[in-house]
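K.L.:
Here's a structure for you.
Derivation of every value follows stated rules applied to the coordinates shown; laboratory data play no part. All values derive from a computational prediction rather than experimental measurement. Neighbour counts run over all protein chains shown; Cβ positions are idealised from the backbone, glycine included.
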Amino acid sequence: MYIFGFDLAQILPFILVGFFAQLIDGALGMAFGVITNTLLVGLLGVPPALASQRVHIVECFTTASSAISHLINRNIDKRLFLRLLVPGVIGGVAGATLLASVDGEVIKPFVLVYLSGIGIYLLVRGVLYPPTLREAKHVTPLGLIGGFLDASGGGGWGPMVTSNLLIQGAEPRKVIGTVNSVEFFLTVSISIAFIFHLGIDDFAIATVGLILGGVAAAPFGALAARHFSPKFMLILVGIVLTATSAYGIWTALT
């Protein structure tokens, strides 16, 4: 059976990955990239650089619509936007360049360890939810590190930057709107860097599958956000990421 010219057996795993990732992202407002990359690398065996490239190309579409929505609803803090934009893009391009220039089998365990760390971090956040609020500091270094890790790890901009700013006490509406809007420019920059280094061949099936799964899950993600608590969802994501990454580390080292 074929769908949009692709063999259903080949594209179905990517549709399922995109669906699950968007379901969680729609409920939490973050984690599409890190969940997708974890499942692609840890379960489907996709090389880290190709996985990150595919995830970021898909996110160019999802983050564009998100940025426009936040702009219309005036959820963007202009000063915070500029403080995150430049270091985020610099870090993202640097991370993509590093990942594209290193052998995938060599860096794969390190990527999975990073993703496992993100999973544990989100799990702890869920257990301790709600966080203690403090004044937000060190925005520029956070953007640089978040961009670098997002590209080299295939995801993590939202969990790293949004969570850090919220924990530090910044206004939630402005933080989510601003970080999501910056993410569009970040994903475009990272995608261009990956295309420059890796080319644009051999990613159509995965990309189309992730987009189809993500679009199909969008309304269900909104329902999940309405009916499930952030505490429950953070714990769920933390468990899934940690378990999947641990499995990927085990298979990579054996």
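K.L.:
For the residues THR140, THR244, THR97, what sequence is obtained by ranking on other C-beta atoms within 10 Å, fewest first?
P.N.:
Result, fewest neighbours first: THR140, THR97, THR244.
K.L.:
Sticking with this structure for a sec: Could you please rank HIS197, HIS56, HIS227, placing first whichever residue has the fewest other Cβ atoms within 10 Å of its Cβ?
P.N.:
In increasing order of surrounding Cβ atoms, one gets HIS227, HIS197, HIS56.
K.L.:
Further question on the same structure: Return a whole-number percent for the relative contact order of the chain, with Cα pairs under 8 Å and 6 or more residues apart as the contact set.
P.N.:
41 percent
K.L.:
Between 0 and 90 degrees, rounded to the nearest ten: what's the tilt of helix 230-253 against the longest Cα principal axis of the chain?
P.N.:
It is inclined by approximately 40 degrees.
K.L.:
All other residues with a Cβ under 12 Å from the Cβ of SER66 taken together, and with Lys, Arg as +1 and Asp, Glu as -1, what is their net charge?
P.N.:
-3
K.L.:
A follow-up question, please. Ignoring everything except DSSP H segments at least 4 long, calculate the 222 nm mean residue ellipticity for the chain; use -39,500 (n - 2.57) per segment, divide by total residues, nearest 500.
P.N.:
Using -39500 (n - 2.57) per qualifying helix, the result is -27500 deg cm²/dmol.
K.L.:
Using Cβ counts within 10 Å as a stand-in for footprinting exposure, how do ARG83, ARG54, ARG125, ARG173 rank, fewest first?
P.N.:
By the 10 Å Cβ count, ascending: ARG173, ARG83, ARG125, ARG54.
K.L.:
Would you kindly calculate the mean projected area, averaged across all directions, of the convex hull enclosing the Cα atoms of the range 7-253, in square nanometres?
P.N.:
Convex hull of Cα atoms, orientation-averaged projection: 12.0 nm².
K.L.:
Still on this structure: In degrees from 0 to 90, rounded to the nearest 10, what is the angle of the helix 32-42 Cα long axis to the longest principal axis of the chain?
P.N.:
30 degrees
K.L.:
Of PRO219, GLY177, VAL86, which is farthest towards the positive pole of the chain's charge dipole, taken about the Cα centre with +1 and -1 on the beta-carbons of Lys, Arg and Asp, Glu respectively?
P.N.:
It is GLY177.
K.L.:
Here's something else I'd like to know. Using the Cα centre as the reference, give the magnitude of the dipole from point charges on the C-beta atoms of the chain (Lys, Arg: +1; Asp, Glu: -1; all else neutral), rounded to the nearest 20 debye.
P.N.:
940 debye
K.L.:
Shifting gears a bit: Would you mind checking the tilt of helix 78-101 against the longest principal axis of the Cα atoms of the chain, expressed as 0 to 90 degrees and rounded to 10?
P.N.:
For 78-101 against the chain, the angle is about 30 degrees.
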